[in-house]
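Have a look at the structure below before the remarks.
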Amino acid sequence: MTQFDPNKLTFDDKGLLPVIAQDHETGEILMLAWMNAEAVAKTLETKKVTYWSRSRQAFWIKGETSGNVQALIDLRVDCDRDCLLAIVDQTGPACHTNRRSCFYTSVIDGTEHELMKPEV
């Protein structure tokens, strides 16, 4: 075992890397967001998944305002160390559209199909 160092991840030229959130019970892919080294460290420290908002240029803890929290179960690093997989316990919808997953649109033969409606 080796001590994990977020600074040894491969970040892009903006200091970010993509993070895929996956439900720990169902295996469902919930969303993709971004983290910098500090967001990775905060996530590991608090077990509350913390992302970096590229539009607001600020940290955001998933569910802090909506209540749709992501509690970290496991954080996995890909082979190139340039992408993370956050295995999470998701409370409520993960998507800002109030859907369980951000991946609710399927494209088959050039046609979009909505796979799920917003939760009420």
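The values are calculated or read from the model by the stated rules, or taken from the named source; none is laboratory data. Remember, predicted model here, so these are calculated numbers, not experimental data. Cβ placement follows ideal geometry from the backbone for every residue including glycine, while neighbour counts extend to all protein chains displayed.
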Every residue from the stretch 98-116 that is of a type in the set (A, V, I, L, M) and not in a loop (DSSP other than H, G, I, E, B): VAL107, ILE108
Considering residues of the stretch 82-105 that are among the polar types (S, T, N, Q) and over 24 Å from ASN36 (Cα atoms) only, the residue farthest from the chain's Cα centre (by Cα): THR105
Some residue of the stretch 88-100 being modelled with pLDDT of 95 or more, touching a helix residue (DSSP H, G or I) at 6+ places or on another chain (Cβ under 9 Å), within 28 Å of LYS8 (Cβ to Cβ) and surrounded by 12 or more Cβ atoms within 10 Å (Cβ to Cβ): no
Among the residues listed as ASP74, ASP82, the single one being under 17 Å from PHE4 (Cα atoms), exposed (fewer than 12 other Cβ atoms within 10 Å of the Cβ) and in contact (Cβ under 8 Å) with a residue 24 or more places away in the chain: ASP74
Qualifying positions in the stretch 35-92 - of a type in the set (Val, Ile, Thr), closer than 14 Å to VAL19 by Cα and assigned to a loop (DSSP other than H, G, I, E, B): VAL49
Condition met for LEU17 (at negative phi, modelled with pLDDT of 95 or more and touching a Cys at 6+ places or on another chain (Cβ under 7 Å)): yes
